[in-house]
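A.B. asks: Take a look at the following structure, please.
The values are calculated or read from the model by the stated rules, or taken from the named source; none is laboratory data. Please read these numbers as outputs of a predicted model, since none were measured by experiment. Using ideal geometry, Cβ is built from the backbone for each residue, glycine included, and neighbour counts are taken over all protein chains shown. When the accessible area is computed, the model is the full protein with side chains, heavy atoms only, and any ligands, DNA or RNA have been set aside. Shrake-Rupley method; radii C 1.70, N 1.55, O 1.52, S 1.80 Å.
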Amino acid sequence: MLAPKLNLNGTSYNELMEKYAGAIERITEAAHAVQETCPHGRDFVGRETGFHIAMANHSARLQKLNEIIEDLEKIRTDIDDQYAESQRIKGKR
């Protein structure tokens, strides 16, 4: 994970924070939608192994989405830390 570096010629702090927050929100909504597709045993009658495979696949899909959310949150934290540091340095002048 590599966060953008805040600089005068780059995207503003506010715009970056808004874009990442929006992405996190939409991926979180997608994770909720995927959760709604959770396999149910009644749909695999006589195919218990199939049910276990479907559950494992479902869990893997959710895990991937959660990992993406965590990465984006880390990037937001890094951007926020950069901004706080720049404000701290400005305050020392």
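A.B. asks: Condition first: open to solvent by less than 50 Å² (accessible area, probe 1.4 Å) and more than 19 Å from the chain's Cα centre (by Cα). Can you find one or more residues in segment 24-38 that meet it?
C.D. replies: Let us first name the residues in segment 24-38 that are open to solvent by less than 50 Å² (accessible area, probe 1.4 Å), namely 24, 27-28, 30-31, 34.
Imposing the further condition that a residue be more than 19 Å from the chain's Cα centre (by Cα) reduces the set to none.
Within segment 24-38 (the criterion being open to solvent by less than 50 Å² (accessible area, probe 1.4 Å) and more than 19 Å from the chain's Cα centre (by Cα)), the answer is no, since none of the residues qualifies.
A.B. asks: What's the total number of residues in segment 1-21 that are within 14 Å of Ile75 (Cβ to Cβ) and exposed (fewer than 11 other Cβ atoms within 10 Å of the Cβ)?
C.D. replies: Matching residues across segment 1-21 total 4.
A.B. asks: Does segment 56-78 contain at least one residue that is surrounded by fewer than 11 Cβ atoms within 10 Å (Cβ to Cβ), farther than 22 Å from Pro4 by Cα and modelled with pLDDT under 95?
C.D. replies: No; the residues of segment 56-78 include none that is surrounded by fewer than 11 Cβ atoms within 10 Å (Cβ to Cβ), farther than 22 Å from Pro4 by Cα and modelled with pLDDT under 95.
A.B. asks: Can you pull out the residues in segment 5-27 that are touching a helix residue (DSSP H, G or I) at 6+ places or on another chain (Cβ under 6 Å) and either modelled with pLDDT under 95 or outside any helix (DSSP H, G or I) (or both)? Break it down into steps so the answer makes sense when it comes.
C.D. replies: Looking only at segment 5-27, we keep the residues that are touching a helix residue (DSSP H, G or I) at 6+ places or on another chain (Cβ under 6 Å), and these are 6, 13, 16, 20, 23-24, 27.
Selection gives Leu6 alone.
A.B. asks: Here's another thing I want to ask about it. Phe44 is checked against (1) in contact with a helix residue (DSSP H, G or I) (Cβ under 7 Å, 6 or more places away or on another chain); (2) modelled with pLDDT of 95 or more and fails just one. What number does that condition carry?
C.D. replies: Failing condition for Phe44: (2).
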